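Presented below is the structure to which this report refers.
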Amino acid sequence: MFSKIINKRFIYLFIIFISIFSYLNSIKGNFVLDDEELIVNNPYIKNFKYIKKIFVSDFFNAARSKEGEIGYYRPIVTLSYLIDFYFWKLNPFGFHITNIILHLLNSFLIFYFIFILFKNENFAFVSAFIFALHPIHTENVSWISGRTDLIVSIFFFLSLIFYIIARNKNSLFYLIFSFLFFLFALLSKEIAYILPLVIFFIEYYIFSNKKNSLYYFLFFLLFLFIFLFFRFIFVKNISSFNFYYAFINFQTFIIKALPLYLLKLIFPFNLNIHIPINLLQINFLNFALFIIIFFIIILLFLLLKKFSNKIFMFAYLFFLFSLLPVSNIINISLAPDLDFTFAERFLYIPSFAFAIFIAHFLLSFLSKKIFYFFILIIFITFSFTIYHRNLDWQNEEQLIHKALKISPDSPLLYNKLGSIYLSKNKYDEAFNYFEKAFKLNPNYVGINNNLGHLLLKNKQYDKALFFFNRELNLNPNNAEVWNNIGNIFNELNEYEKAIAAYNKALEKNPDYFLAYNNIGIVLSKIKKFDLAEQYFLKALDLYPLHYETLNNIGLLYTEAGQYDKAYIFFEKVLELKPDWDIIYNNLGNLFFKKGDIEKALDYYKKALSLNDMSVNVNYNLGLLYQQINKKAEAKLHFEKLLKILPPESALLDDVKNRLNSVSE
């Protein structure tokens, strides 16, 4: 290695620059993919009273039924969302800033870890440079929910740093902090399980402390087992071990996933959010490939051992073993919609090994001029790739359409696109994508529920019920499906059946606030206002910022003539949804009933400015103008209603009569 690369005082500034500059355009991104479930619709991150709940729940507990839990235990990550929400509410800008800061911290920690481990500033700097700028990290940094790896990495490397300081100073104080950060890492993501192995590699291969390497390894391993005991108490949904399927998964990992991960690190281009890997069944060809690749892995280990290169050996072992938690050998946490999990974000910590491997190679075997040339090429190509990949993450539709070009047979991607268009009330587009997902896999997780939800929106109740029942056959404990069945009976005015279905949803998930809200709606319809109030307040207790429940309580108090109480809840809705036309219409109704025509008119006009095709707003404005004898204005709104009302509307005759009245 040559003596000096860059002046020391610029090292930290340069790491800050490349870590922030590369991801600066990611701050324009919105909430995408799992962000909706983990952040936007997650009541646990919107009130500090849920901190205890966060630490005893599955990662997806707030939004899924018990059977929908997938074995993720990551309370520290959820806590980070809670803190972000406290400062930023649902402004994705702030969440993206947090991700960039987390990545910056990791780049610094990796620099410092390598520096205290190998006592070489040049090596530490080049490694941190490659890590900070590697495009494989875009999924972790540009996607808000990708921060799981950012957070676990911080605590993972802090634990290692404090461990090295503790052994160098023979200090129990620093060792305690090492265990503390190990605990925080374990509370962040499952990849932290490999830390005892990394400590063994450090002792055995870096410090050549063969005598005590096993002692330190067992010490941290014992701590891990104690943690796992309590973890499995809180998250019990852990797949049982099956040797046959474990071997199939391991075979698939060795033959397909491991080479793909290496290619992604060496050529981090054509990045994609979803690369499906089908499980390889046991046959002669697959078994032969497995043996050959496994033999190559062992051979490389023996060659590195023979040449006694500590850095290459450490990087090699770190990379292989850091992929073990995502090898699917043991399904500690496996999403129910995938046979084999493969993702670019899984490479965040393993890419550390790649960074030190490449840095050591560049510094050891290249001349200074060629070294600088390679660094320049890396800086330009990696920065350019990150910038353009960040643009994909700014738009969810664009992101998924691009993924479909690489994975055109993915039901996951078609299902997600259908959900996006359903949320935008683009029912035809939604149906097309749901249908494609269904044809690819009619038993795909959630597809029957989504088709049912779409048909419910189109008031095709029998067909909707058919698909909901199909989903229940696959997942009988899905609270969301029972809630949707309740919605069918609610719209059909079969209120007893609706309440029974909602109660079934609560049986599956007692914290399912939407079911409480919907029972409140049904009770309001049948004039049981006191009981309805109790259910609405229970829903709010579970999710204090659910604007629809707040609106429903406002409507309840308006109906009861308690206008001041109603206004308080409507104001809260305005804070959460200032561009929602319905809340302005409801405020208009409130002041209309109070006899304050001027305020009512102001709110109706505001609602109309947000949605001029609203039936309710046009009807209410027509009524108001008719009451104050402004016939011309009333006529305009009633005529507009005739154009936008469907022929089967029960309101049609009333509108015609009123139009005749104001036209005389």
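Brief remarks follow.
- Qualifying residue in region 27-35 (condition: more than 29 Å from TYR516 (Cβ to Cβ), modelled with pLDDT of 80 or more, open to solvent by 20 Å² or more (accessible area, probe 1.4 Å) and outside any loop (DSSP other than H, G, I, E, B)): yes
- Of the residues making up region 400-458, just one is aliphatic (A, V, I, L, M) and not in a helix (DSSP H, G or I), namely VAL445.
- Any chance PHE466 is open to solvent by less than 60 Å² (accessible area, probe 1.4 Å), over 18 Å from VAL522 (Cβ atoms), within 31 Å of the chain's Cα centre (by Cα) and of a type outside the set (Val, Ile, Thr): no
- For ILE356: the one exception among (1) surrounded by 15 or more Cβ atoms within 10 Å (Cβ to Cβ); (2) modelled with pLDDT under 80; (3) under 29 Å from PRO196 (Cα atoms): (2)
- You will find that of ASN478, ASN441, ASN449, the residue that is touching a residue at least 60 places away in the same chain (Cβ under 8 Å), crowded, with 16+ Cβ neighbours inside 10 Å and of a type in the set (S, T, N, Q) is ASN478 and no other.
- Considering only residues in region 185-221 that are in a helix (DSSP H, G or I) and among the charged types (D, E, K, R), the one that is most open to solvent (accessible area, probe 1.4 Å) turns out to be LYS211.
- Flag: ILE161 does not match the condition of being over 32 Å from the mean Cα position of the chain (by Cα) and either among the aliphatic types (A, V, I, L, M) or over 23 Å from PHE379 (Cα atoms) (or both).
- Among the candidates LEU540, LEU641, residue that is open to solvent by less than 50 Å² (accessible area, probe 1.4 Å) and closer than 30 Å to PHE48 by Cβ: LEU540
- Of the residues making up region 370-406, those that are in contact (Cβ under 8 Å) with a residue 24 or more places away in the chain, polar (S, T, N, Q) and out of contact with any Pro (no Cβ under 6 Å at 6 or more places or on another chain) are SER383, ASN390, GLN394, ASN395.
- Unmet criterion (only one of (1) polar (S, T, N, Q); (2) farther than 30 Å from SER419 by Cβ; (3) modelled with pLDDT of 85 or more) for SER19: (3)
- Test: residue in region 238-252 that is modelled with pLDDT of 90 or more and open to solvent by less than 30 Å² (accessible area, probe 1.4 Å): no
- Of all residues making up region 627-657, the number that are assigned to a helix (DSSP H, G or I) and within 15 Å of LYS593 (Cα to Cα): 1
- Inter-residue pairs, beta-carbon under 6 Å, first without any contact (Cβ under 8 Å) to a residue 40 or more places away in the chain and in a helix (DSSP H, G or I) and in region 116-136, second open to solvent by less than 10 Å² (accessible area, probe 1.4 Å) and not charged (D, E, K, R), 6+ apart: ALA124/PHE111; ALA124/ILE114
- Some residue of region 170-184 being closer than 30 Å to ASP392 by Cα, open to solvent by less than 30 Å² (accessible area, probe 1.4 Å) and either in a helix (DSSP H, G or I) or modelled with pLDDT of 95 or more (or both): no
- Sole residue being part of a helix (DSSP H, G or I), out of contact with any strand residue (DSSP E or B) (no Cβ under 7 Å at 6 or more places or on another chain) and closer than 17 Å to PHE113 by Cβ, chosen from LEU224, LEU158: LEU158
- Exactly one residue out of LEU303, LEU285, LEU265 is assigned to a helix (DSSP H, G or I) and open to solvent by 90 Å² or more (accessible area, probe 1.4 Å), and it is LEU285.
- Of the residues making up region 152-168, those that are modelled with pLDDT of 90 or more and open to solvent by 10 Å² or more (accessible area, probe 1.4 Å) are ILE154, PHE155, LEU158, PHE162, ILE165.
- Lone unmet requirement of (1) open to solvent by less than 70 Å² (accessible area, probe 1.4 Å); (2) on the phi > 0 side of the Ramachandran plot for TYR584: (2)
- Residues of region 559-581 classified as open to solvent by 10 Å² or more (accessible area, probe 1.4 Å), farther than 18 Å from LEU608 by Cα and either touching a residue at least 12 places away in the same chain (Cβ under 8 Å) or not acidic (Asp, Glu) (or both), total: 11
- Filter result for the condition that a residue is at pLDDT 90 or above, surrounded by fewer than 20 Cβ atoms within 10 Å (Cβ to Cβ) and of a type outside the set (Asp, Glu), over ASN395, ASN432: ASN432
Rundown of residues vs (1) in a helix (DSSP H, G or I); (2) within 28 Å of ASN91 (Cα to Cα), yes/no style:
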residue: ASP579; (1), (2): no, yes
residue: ILE583; (1), (2): yes, yes
residue: LEU601; (1), (2): yes, no
residue: LYS606; (1), (2): yes, yes
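- Qualifying residue in region 608-622 (condition: open to solvent by 80 Å² or more (accessible area, probe 1.4 Å), in a helix (DSSP H, G or I) and of a type in the set (Gly, Ala, Ser)): yes
- Against the criterion of being within 35 Å of the chain's Cα centre (by Cα) and not basic (Lys, Arg), GLU598 does not qualify.
The values are calculated or read from the model by the stated rules, or taken from the named source; none is laboratory data. All values reported here derive from a predicted model rather than from experimental measurement. Note that each Cβ is placed from the backbone with ideal geometry, even for glycine, and that neighbours are counted across all protein chains shown. Note: accessible area is taken over every heavy atom of the protein model, side chains too, but ligands, DNA and RNA are not part of it. Shrake-Rupley method; radii C 1.70, N 1.55, O 1.52, S 1.80 Å.
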